[in-house]
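Right, one structure below, let's go through it.
The values are calculated or read from the model by the stated rules, or taken from the named source; none is laboratory data. These numbers come from a predicted model, not from an experiment. Please note: Cβ atoms are built from the backbone with ideal geometry, for glycine as well, and neighbour counts cover all protein chains shown. With ligands, DNA and RNA removed, areas are computed over all heavy atoms of the protein, side chains included. Shrake-Rupley method; radii C 1.70, N 1.55, O 1.52, S 1.80 Å.
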Amino acid sequence: MHGTPLQSSEKKLGQLEGVFRDSDAWQSMSPETLVYQVQWHEAIPQGMEGGLFWGTTTIAPGRVGDEYFMTRGHFHSRRDRGEYYCTVQGRGMLLLMDEERVTRAEVMEPGSLHYIPGYIAHRTVNTGETPLVFWACWPSDAGHDYETIAKQGFSARVLDRDGSPAVVPEER
Ligand code: PA5
Ligand code: NI
């Protein structure tokens with residue numbers, strides 16, 4: 001993106017402790033490995049009602065053990081706030097989990113548009129061999145609740161099974 005002042009953040013493997021299932025595999029990899037970056041435009045201050053933010057996420061291809069690189073995932077702090085995602089490049093899965101911990105997945109491919117209703121946690125997974133790039137548009141007062149997912153995780157993971165992605169229920 002260009003043309004407007006942008007914010008950006010990146011997440012390296014070292015910042016994603018506890019996110020991936022296979023902690024031995026995670027530990028054996030360089031903490032400097034870039035997993036994903038986000039660039040976004042905040043037209044108004046965060047938390048102010050009535051506006052929209054626009055962001056681009058790029059997830060690198062890769063795996064920790066048999067689990068594909070993915071975002072941390074979150075509920076919105078204001079649970080009723082929704083969001084749109086639209087895939088630009090690459091191939092992936094969008095995991096959507098409700099407050100009862102029921103998880104479903106949508107395939108992401110160039111042009112796929114995904115509506116994320118309120119009260120739904122969302123995480124994106126790069127299941128391809130090239131970067132997964134998608135746009136997101138969300139309300140300026142949505143906020144991000146990462147804590148709930150850090151504590152409880154999603155109830156399913158996307159794992160490589162003989163070269164293809166499979167949505168596998170999490171063992172607890
Ligand atoms: O607003 C969103 O849902 C996205 O822009 C995400 O913040 C982005 O994809 C990064 O994921 P996470 O915020 O879960 O680290
Ligand atoms: Ni969101």
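Summary of computed values
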| item | result |
| --- | --- |
| Among the candidates Glu100, Glu109, Glu147, Glu171, residue that is over 14 Å from the mean Cα position of the chain (by Cα), touching a residue at least 12 places away in the same chain (Cβ under 8 Å) and either surrounded by fewer than 19 Cβ atoms within 10 Å (Cβ to Cβ) or within 20 Å of Thr57 (Cβ to Cβ) (or both) | Glu109 |
| Candidate set from the stretch 49-70 (those that are more than 19 Å from Val88 (Cα to Cα) and within 16 Å of ligand 2 (Cβ to nearest atom)); member that is most open to solvent (accessible area, probe 1.4 Å) | Leu52 |
| Of all residues in the stretch 38-63 being of a type in the set (Gly, Ala, Ser) and within 21 Å of the chain's Cα centre (by Cα), the one that is farthest from ligand 1 (Cβ to nearest atom) | Gly62 |
| Options Gly90, Gly73: the member that is more than 12 Å from ligand 1 (Cβ to nearest atom), buried (at least 20 other Cβ atoms within 10 Å of the Cβ) and closer than 17 Å to Thr57 by Cβ | Gly90 |
| Test: residue in the stretch 76-87 that is farther than 22 Å from Glu171 by Cβ, more than 11 Å from ligand 1 (Cβ to nearest atom), in contact with a Phe, Trp or Tyr (Cβ under 6 Å, 6 or more places away or on another chain) and charged (D, E, K, R) | yes |
